[in-house]
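The structure appears right after this line, and notes come after that.
Just so it is clear, none of the values below were taken in a lab; they were calculated from the coordinates. Model, not experiment: these values are computed from the prediction. Positions of Cβ are generated from backbone atoms using ideal geometry, with glycine treated the same way; all protein chains shown enter the neighbour counts.
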Amino acid sequence: MQQQMIDLEGPYRLLYCSSKGDKDGVIQEIEKGVSPNLADYDKRTALHLASCEGCTEVVDLLLEQGADVNSIDRWGRTPLSDARIFGHEEICKILEGRGGTDPVGLDSQSPCYEIDHTEVEMDGATLIGEGAYGEVYLVKWRGTEVAAKTIRSSIASNFRVKATFMKELALWQRLRHPNIVQFLGVLKHSERLIFLTEYLRNGSLYDILKKKGRFDPPTTVAYALDIARGMNYLHEHKPHAIIHRDLTPRNVLQDEAGHLKVTDFGLSKIAQEKGAYGYKMTGGTGSFRYMAPEVYRREAYGKSVDVFSFALIVHEMFQGGPSNKAEPPEEVADRRAYEDSRPSLSSFIYPEDFKT
């Protein structure tokens with residue numbers, strides 16, 4: 001894990017700088033000999049990220065340095081596909097002028113990508129878990145193992161609720177980040193409402209903690225950074241921030257490379273404007289053990305509710321499990337909300353910097 005942390009400061013800095021529009025940082029990495037076609041686990045290159053985030057100068061620079069204009073990520077999308085999804089017209093023109101193509105065509109601009117139900121065999125599918133809205137199955141789609149998440153009939157049968165849910169899935173479809181689980185599409189003409197996401201065979205952070213117990217500090221830092229990067233991407237999303245609202249170890253999955261990805265935005269809402277406070281969330285929504293006090297008290301809230309949940313997850317990685325494990329989750333949430341109760345930070349376990 002220490003080596004992994006060093007690597008993140010190494011060649012992968014090119015990807016980070018490209019996504020942030022840091023032209024000088026990109027130049028520094030290329031001068032070090034880093035390939036402009038370096039890709040992450042999801043086969044997303046610096047050009048994908050710059051196109052996605054609307055970083056025009058970095059797109060020009062990467063193309064000048066020999067970046068492949070038609071590099072294809074794990075989901076069959078090129079940099080042009082990403083530029084079109086987010087409406088970056090100037091970048092679209094630049095990429096098209098360099099011979100860029102969009103193999104997914106209109107799929108990249110549709111409200112929510114639909115997959116014909118005949119492409120996925122649900123009969124005999126392996127049950128691998130239960131999510132916030134229904135069961136999760138392991139299935140094959142176009143030769144690849146993916147997760148099929150079924151939606152409870154109480155949601156699928158309510159037109160208004162289903163419409164809201166589909167709108168949130170369409171939002172999820174637009175997200176592209178190494179630390180966010182990729183949404184693939186919704187099965188159409190299905191009696192049930194089923195959507196597909198990438199399948200991460202290593203399971204959830206909850207499973208890992210249950211199996212291995214507490215992590216050492218380098219592992220905790222590496223994992224915390226993975227979660228923080230994914231959450232920062234959601235919180236800095238334009239034009240509106242995305243608040244997860246149900247960030248728990250069960251909603252953080254591990255890929256084959258050992259990196260963590262945040263999933264399940266079914267409870268997320270879009271803040272109306274940056275730093276806006278206005279949504280109210282019922283105390284029964286989300287997971288009590290990781291719930292911020294203002295949410296439990298049914299008060300207006302902002303992005304900080306995710307920060308509270310994140311802190312509890314980091315605490316749990318040091319501890320090897322949740323604090324107050326023997327207490328009912330709702331009682332724990334109640335004491336945090338009304339008695340200002342917080343988990344203890346033993347000097348024996350937590351280095352001073354972490355406690356701060």
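Distance between the modelled labels on E145 and F86, one decimal in nanometres: 3.2 nm (7 Å Cα→Cβ projection).
Straightening the chain between D353 and E121 buys 78.5 nm, computed as 0.36 nm per residue apart minus the Cα-Cα spacing.
Per-residue Cβ neighbour counts within 10 Å put E198, E90 in the sequence E90, E198, beginning with the fewest.
Look at R142, R250 and count the other Cβ atoms within 10 Å of each Cβ; fewest to most, that gives R142, R250.
Listed values for segment 195-212 are Karplus-derived 3J(HN,Hα) couplings in whole Hz (6.51 cos²θ - 1.76 cosθ + 1.60, θ = phi - 60°), namely 10, 10, 10, 4, 9, 10, 5, 7, x, 9, 4, 4, 5, 5, 4, 5, 7, 9, and x replaces Gly and Pro.
How much length would be gained if the chain were fully extended between K238 and S346, taking 0.36 nm per residue of separation minus their Cα-Cα distance, in nm to one decimal?
Contour length minus the Cα-Cα distance gives 35.0 nm.
Between M166 and E327, the distance separating the two model label sites (each 7 Å from Cα on the Cα→Cβ line) works out to 4.4 nm. Measuring against 32 Å, Cα to Cα, the residue pairs K43/K303; K167/K355; K93/K162; K32/K303; K43/K355 contain K167/K355; K93/K162; K32/K303; K43/K355 as the ones spanning a longer distance.
For the pairs K212/K261; K149/K188; K188/K261, note any where the Cα-Cα span goes beyond 21 Å. Let's see the in-between values first.
Numbers: K212/K261 19 Å; K149/K188 14 Å; K188/K261 27 Å.
Checking Cα-Cα distances, K188/K261 exceed 21 Å.
Listed from fewest to most Cβ neighbours within 10 Å, the set D216, D68, D340, D264 follows the order D340, D216, D68, D264.
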